[in-house]
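Here is the structure we will look at, set down as structure tokens.
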Amino acid sequence: VQLQAFGGGLVEVGGSLRLSCAASGRAISQYTMTWFRQAPGKEREFVSSFRSTGTRHYADSVKGRFTISRDSAKNTVYLQMNDLKPEDTAVYYCTFGRPALSGISNPTLYYGWGQGTQVTVSS
């Protein structure tokens, strides 16, 4: 599976962005699709997962503000980000794999990564 992430940009505090992760090669419905983010000087951080079972999971820091969704027909996963905060500033990456539920936040358990898209929230 090859992934291409896009949709990042510069937005003011409280604004919204929608990230897209377009996949090619195999159907994403058979994988857990996950968004991570990485801010300068920090480790890659789990944001949200859409599992092959259809369940969705979120980091506490984004719960209630971000929504992950999947369009199987377009083989694309989306991350709708609302009420953005300066601490959301990071490069956002999408990835795919088959981790157990206990491992969805572990980036080493995924198979491949998109190129990342920059999100900058200005205060």
- Evaluate the stretch 81-101: report whether one residue or more is open to solvent by 70 Å² or more (accessible area, probe 1.4 Å), more than 20 Å from Gly8 (Cα to Cα) and over 12 Å from the mean Cα position of the chain (by Cα). yes
- Item | Check on Arg26, of a type in the set (Lys, Arg) and within 17 Å of Asp71 (Cα to Cα) | yes
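Tell me, please, whether a residue that is touching a residue at least 40 places away in the same chain (Cβ under 8 Å) and of a type in the set (S, T, N, Q) can be found in the stretch 58-67. Please lay out each step first, then the result.
Applying the first criterion (touching a residue at least 40 places away in the same chain (Cβ under 8 Å)) to the stretch 58-67 yields 59.
If we keep only those that are of a type in the set (S, T, N, Q) too, we end up with none.
Looking through the stretch 58-67, none of the residues is touching a residue at least 40 places away in the same chain (Cβ under 8 Å) and of a type in the set (S, T, N, Q).
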- List the pairs whose first member sits in the stretch 9-35 and is at pLDDT 95 or above, whose second member is of a type in the set (Asp, Glu), and whose Cβ atoms are under 7 Å apart, counting only residues at least 6 apart or on separate chains? Gly14/Asp83
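If only one of Thr53, Thr108 is at pLDDT below 95, of a type outside the set (Gly, Ala, Ser), exposed (fewer than 15 other Cβ atoms within 10 Å of the Cβ) and outside any strand (DSSP E or B), which one is it? Even if it seems obvious, please write down each step before you answer.
Working: Thr108 fails: at pLDDT below 95.
Of Thr53, Thr108, the one residue that is at pLDDT below 95, of a type outside the set (Gly, Ala, Ser), exposed (fewer than 15 other Cβ atoms within 10 Å of the Cβ) and outside any strand (DSSP E or B) is Thr53.
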- Message: So, in the stretch 64-93, exactly how many residues are in a loop (DSSP other than H, G, I, E, B) and more than 20 Å from Gln118 (Cα to Cα)?
- Response: 5
- Just checking, how many residues over the stretch 68-80 are loosely packed, with under 14 Cβ neighbours inside 10 Å and touching a residue at least 24 places away in the same chain (Cβ under 8 Å)? 2
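The values are calculated or read from the model by the stated rules, or taken from the named source; none is laboratory data. These numbers come from a predicted model, not from an experiment. Here Cβ is always computed from backbone atoms with ideal geometry, including for glycine, and neighbour counts include all displayed protein chains. Note: areas computed on protein heavy atoms with side chains; ligands, DNA, RNA excluded. Shrake-Rupley method; radii C 1.70, N 1.55, O 1.52, S 1.80 Å.
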